[in-house]
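Asker: Quick one: the structure is below, and I'll ask about it shortly.
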Amino acid sequence: MMVMREIAIWLILASTMSLAQTEKPEALAQARLGVEQARKQQYREAIQSYQTAIKIDPSLPGIYLNLGLAYFKLGNFRDALAALEKENSRASSDQVTTLLGMSYFGLGQYREAAAHLRPLAEAQPANSELSYLLAKSYLWSGQNKEAIEIFRNMLQRDPDSAAVHMLLGEALDGTYKTGEAIAEFAAAAKAMPTRPDVHFGLGYLHWKQQRYADAESEFRAELKNDPKHAQAMAYLGDTMIKAGKQSEAMDILKAALAIDRNLRIAHFDLATLYADAKQNQLAIAQFREAVRIDPERPDAHYRLARLYQELGRRTEASAEFAAVKKFQQRKQEEPALQLRRAQE
């Protein structure tokens, strides 16, 4: 959000001066009042003034741009979009398009954000903040190749940017280039070893590659920077299980869940440890939590089914086995469905 605020600075200066004269001076007076309130960061009051002006004269030039900007500054991106779309239909401009793109970004609609920001970034190649926002929109909408190109260009200008190295690593991992992703996260960790998540990200990539000793080292480095990093704890616990250190793993997993109850890997691993120790009721409770967090993953359903079966709870076992079967059938059907779509 910091980049969005930086881009919005010039928009504030530019758009709040865009009001023109009108044949209804009372509308202009309300609009000017809204401008002054916005300058003082009194955005709710400014919105009321702008809305009053609109009731008097809905054709007042620039009024919807100012209204949209006030909503945007409050973080009300949905209402900002509605106002900005009206302004865009009346008087399209780079200011309006930029705010539209950032509002879509704020709503998590990253593909739409990229579509609006792309022509602006291409027209302003020196605007690193705009390029950064576009690249993140590409990344978080799954357009990894486009993101990679921009991030690499940005690193040519600033090779020590830890943030860009990390985002490039994320994009590379999204294209199954995990080895290259590890190199980018390592560069980020070297540039800024105390940056939040840098060691966790590097550890996670090592974990994916089954390099558990390297993963453990990075997870511990993250926890040195942030002792309450729940994800680092959870993955460290999983790594300890793989190293045969079950007792240490259980303590770490419990500590992770004490911070964040929505860590599926921690619930699943803890359930596995309880099941191995024949503490079945505790295992069932933890597998249920894993299902709650992600009901589409079949592994917890299967483990629950086996536990219920051992305990003679046939009805519950049958329901869990049925869930596993459904997921297996869906997985088998997906390639055929994709082929049919390609042929249509």
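Derivation of every value follows stated rules applied to the coordinates shown; laboratory data play no part. Keep in mind it's a predicted model, so treat the numbers as computed, not measured. Here the Cβ positions follow ideal geometry from the backbone for every residue, glycine too, while neighbour counts run over all protein chains shown.
Asker: Is the C-alpha gyration tensor of region 196-260 telling us rounded, prolate or oblate? Criteria: a/c under 1.5 is rounded; beyond that, a/b larger than b/c is prolate, otherwise oblate.
Answerer: oblate
Asker: Now for a separate question. Can you pick out the pairs among Lys177/Lys242; Lys208/Lys242; Lys24/Lys55; Lys245/Lys278; Lys190/Lys245 whose Cα atoms lie more than 20 Å from each other?
Answerer: Table pairs above 20 Å Cα-Cα are Lys177/Lys242; Lys190/Lys245.
Asker: Could you list the trypsin sites (Lys or Arg not before Pro) in region 247-304 that lie in coil according to DSSP, counting only those with at most 11 other Cβ atoms within 10 Å of their Cβ?
Answerer: The qualifying sites are Lys278.
Asker: Rank-order 181-192, 224-235, 35-46 by packing density, defined as the average count of other C-beta atoms within 10 Å over each peptide's residues, highest first. List each step's numbers first, then the result.
Answerer: Working: 181-192: 21.0, 224-235: 19.4, 35-46: 16.3.
With the highest mean Cβ count within 10 Å placed first, the list reads 181-192, 224-235, 35-46.
Asker: Hey, another quick one. Taking the alpha-carbon distance from Lys145 and a cut-off under 13 Å, which aspartates and glutamates remain once sequence neighbours fewer than 8 residues away in the same chain are dropped?
Answerer: Leaving aside aspartates and glutamates fewer than 8 places away in the same chain, those within reach of Lys145 are Glu170, Asp173.
Asker: Given the C-alpha centroids of region 241-289 and region 204-228, what is the distance between them in whole angstrom?
Answerer: Computed from Cα coordinates, the inter-centre distance equals 18 Å.
Asker: Using θ = phi - 60° and the Karplus curve 6.51 cos²θ - 1.76 cosθ + 1.60, what whole-Hz ³J(HN,Hα) does each residue of region 187-202 get, with Gly and Pro shown as x?
Answerer: My calculation for region 187-202 gives 5, 5, 5, 5, 5, 8, x, 9, 5, x, 6, 5, 6, 4, x, 5 Hz in order.
Asker: Can I ask one more? Arranged from highest to lowest average of other beta-carbon atoms within 10 Å per residue, in what order do the peptides 314-321, 202-209 appear?
Answerer: Packing proxy ranking, top to bottom: 202-209, 314-321.
Asker: 222 nm [θ] for the chain, helices only, -39500 (n - 2.57) per DSSP H run of 4+, per residue, to 500? Show your work: numbers first, answer last.
Answerer: Numbers: 19 runs with 271 residues, N = 344.
About -25500 deg cm²/dmol.
Asker: While we're looking at this one, here's another question. Just how far, in whole angstrom, is region 290-313 from region 123-196 if you go by their alpha carbon centroids?
Answerer: 39 Å
Asker: Which whole-Hz ³J(HN,Hα) couplings does region 82-93 yield from phi under the Karplus relation 6.51 cos²θ - 1.76 cosθ + 1.60, θ = phi - 60°, glycine and proline marked x?
Answerer: Coupling constants for region 82-93: 4, 5, 5, 5, 5, 5, 5, 6, 9, 8, 5, 7 Hz.
Asker: Given a Förster distance of 35 angstrom, what is the FRET efficiency for Gln209 paired with Gln309, based on the Cβ-Cβ distance and rounded to 0.05? Mind dumping the intermediate values first?
Answerer: Values: r = 35 Å, r/R0 = 1.00.
It comes to 0.50.
Asker: In a Debye calculation with equal point scatterers on the alpha-carbon sites of the chain and no solvent, what is log10 I(q)/I(0) at q = 0.09, 0.12 Å⁻¹?
Answerer: -0.71, -1.00
Asker: Checking the cross-link filter: which aspartates and glutamates have an alpha carbon closer than 15 Å to that of Lys73, excluding same-chain neighbours under 8 positions apart?
Answerer: In chain and number order, the partners are Glu6, Glu36, Glu45.
Asker: Here is a further query. Which aspartates and glutamates, on any chain, are close to Lys326 with Cα under 19 Å apart, when same-chain ones fewer than 8 places away are left out?
Answerer: Asp294, Glu296, Asp299, Glu316, Glu334
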